[in-house]
Amino acid sequence: MICFSSIYLKSMEFTTAEPFLHKGLLQSFELTKYILKTNVYPREPSPLKELREVTAKHPGNFMSTTPDSGQLMGMLLKLINAKKTIEIGVYTGYSLLLTALSIPHDAMIIAIDPNKETYEIGLPIIQKAGVEHKINFIESQALPVLDKLLQNQKDNEGSFDFAFVDADKENYLNYHERLLKLVKVGGLIVFDNTLWGGTVAQPEEAVSEDRKESRRSIIEFNNSVSIDQRIEIALTPSGDGLTICRRIR
Ligand code: SAM
Ligand code: CA
């Protein structure tokens, strides 16, 4: 019999406050719970489960990448045999650890976040999992780091296989422009929260004040990538919406 973790059992209570339950496009906690229960939690690597449980005790736990999105990203990373990756927005490191677990021993991740304190919450679990050597954590806002990488064109332009963006929504288009130069043709850039709690499909007046600005940025981002001829896209309803962009030119 499958033994589910305490966080999973907690999620059975099924409240809207549950950090890992996003209704996404399904708009149903029942279906989301079904997906997690049958297909995601039973296959979640134990270090990720441990990190998820530690993160659940932190007040910002709702920010963690959802395990179903993590499962999809892990498969994408393996499908393209990603070796050189970038992550913008680390928090306690759920998506970072899943990336580190999904790429080869000699692969690397540049992980950028101005908040080192939250990264350090997950770090002992990353170390215990034996993947810390793959991570170059940079304590900084992401834009100057990306610009610096682009200054060294020869080494960096078109050299990355994969990027994951899960930080300030107001900069998604700025990240997109820079990452399109850094990621190789055939590489992937994945953006999280592109449904923004379903608010992208709601009239602005129905949205709470604190969500309005990011909602506008996400709508602008979604509109822009939908006509961007340099990429192929798939907006999947996983978690809070995951837009997968594949660079084609
Ligand atoms: N991917 C993470 C995970 O799986 O746990 C969640 C990331 S959380 C949603 C967003 C993170 O973005 C926060 O840790 C925050 O400090 C970081 N952040 C905010 N502004 C940023 C910026 N300008 N550049 C880089 N990171 C930023
Ligand atoms: Ca997110």
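The values are calculated or read from the model by the stated rules, or taken from the named source; none is laboratory data. Because the structure is predicted, anything quoted here is derived from the model rather than measured. So basically every Cβ, Gly included, is an ideal-geometry build from the backbone, and we count neighbours across all protein chains shown.
If you check Y41 against the conditions, is it part of a helix (DSSP H, G or I), away from ligand 2 (no atom under 16 Å from the Cβ) and of a type in the set (S, T, Y)? Talk me through it step by step, then tell me what you get.
Details: part of a helix (DSSP H, G or I): yes; away from ligand 2 (no atom under 16 Å from the Cβ): yes; of a type in the set (S, T, Y): yes.
Yes; evaluated as a whole, the condition is true for this residue.
Taking S226 as the residue in question, decide whether it is hydroxyl-bearing (S, T, Y) and surrounded by 22 or more Cβ atoms within 10 Å (Cβ to Cβ). If you could, list the steps in order and put the result at the bottom.
Values: hydroxyl-bearing (S, T, Y): yes; surrounded by 22 or more Cβ atoms within 10 Å (Cβ to Cβ): no.
Here the answer is no, as S226 does not meet what is asked.
Could you tell me whether any residue of the range 70-83 is under 28 Å from F160 (Cβ atoms), among the small types (G, A, S), within 16 Å of ligand 2 (Cβ to nearest atom) and at pLDDT below 95?
No, the conditions are met nowhere in the range 70-83.
Surrounded by fewer than 18 Cβ atoms within 10 Å (Cβ to Cβ) and away from ligand 1 (no atom under 13 Å from the Cβ): does that describe Q127?
On the way: surrounded by fewer than 18 Cβ atoms within 10 Å (Cβ to Cβ): yes; away from ligand 1 (no atom under 13 Å from the Cβ): yes.
The answer is yes for Q127.
Conditions: (1) surrounded by 22 or more Cβ atoms within 10 Å (Cβ to Cβ); (2) within 11 Å of ligand 1 (Cβ to nearest atom). F162 meets all but one. Number of the miss?
Result: F162 passes all but (2).
Tell me whether the range 181-198 contains one or more residues that are surrounded by fewer than 19 Cβ atoms within 10 Å (Cβ to Cβ) and more than 22 Å from I86 (Cβ to Cβ). Can you show your working first?
Taking the range 181-198 first, the residues surrounded by fewer than 19 Cβ atoms within 10 Å (Cβ to Cβ) are 181, 184-186, 197-198.
Among the residues that remain, those that are also more than 22 Å from I86 (Cβ to Cβ) are: 197-198.
The answer is yes; a qualifying residue exists.
Scan the range 91-109 residue by residue and report those that are buried (at least 19 other Cβ atoms within 10 Å of the Cβ), over 17 Å from R52 (Cα atoms) and out of contact with any Leu (no Cβ under 8 Å at 6 or more places or on another chain).
Across the range 91-109, the qualifying residue is only A107.
Any residue in the range 218-232 that is within 16 Å of ligand 1 (Cβ to nearest atom) and touching a Gly at 6+ places or on another chain (Cβ under 6 Å)? If you could, list the steps in order and put the result at the bottom.
Within the range 218-232, the subset within 16 Å of ligand 1 (Cβ to nearest atom) is 218, 221.
Filter again for touching a Gly at 6+ places or on another chain (Cβ under 6 Å), leaving none.
No, the range 218-232 contains no residue that is within 16 Å of ligand 1 (Cβ to nearest atom) and touching a Gly at 6+ places or on another chain (Cβ under 6 Å).
Hey, can you tell me all the residues within the range 84-113 that are within 16 Å of ligand 2 (Cβ to nearest atom) and assigned to a loop (DSSP other than H, G, I, E, B)?
Across the range 84-113, the qualifying residues are G89, V90, Y91, T92, G93, D113.
Looking at A82, A142, A56, A107, which is the one that is of a type in the set (A, V, I, L, M, F, W, C), within 9 Å of ligand 1 (Cβ to nearest atom) and touching a residue at least 12 places away in the same chain (Cβ under 8 Å)? Let's see the steps before the verdict.
Details: A82 fails: within 9 Å of ligand 1 (Cβ to nearest atom); A56 fails: within 9 Å of ligand 1 (Cβ to nearest atom); A107 fails: within 9 Å of ligand 1 (Cβ to nearest atom).
Residue meeting the stated conditions: A142.
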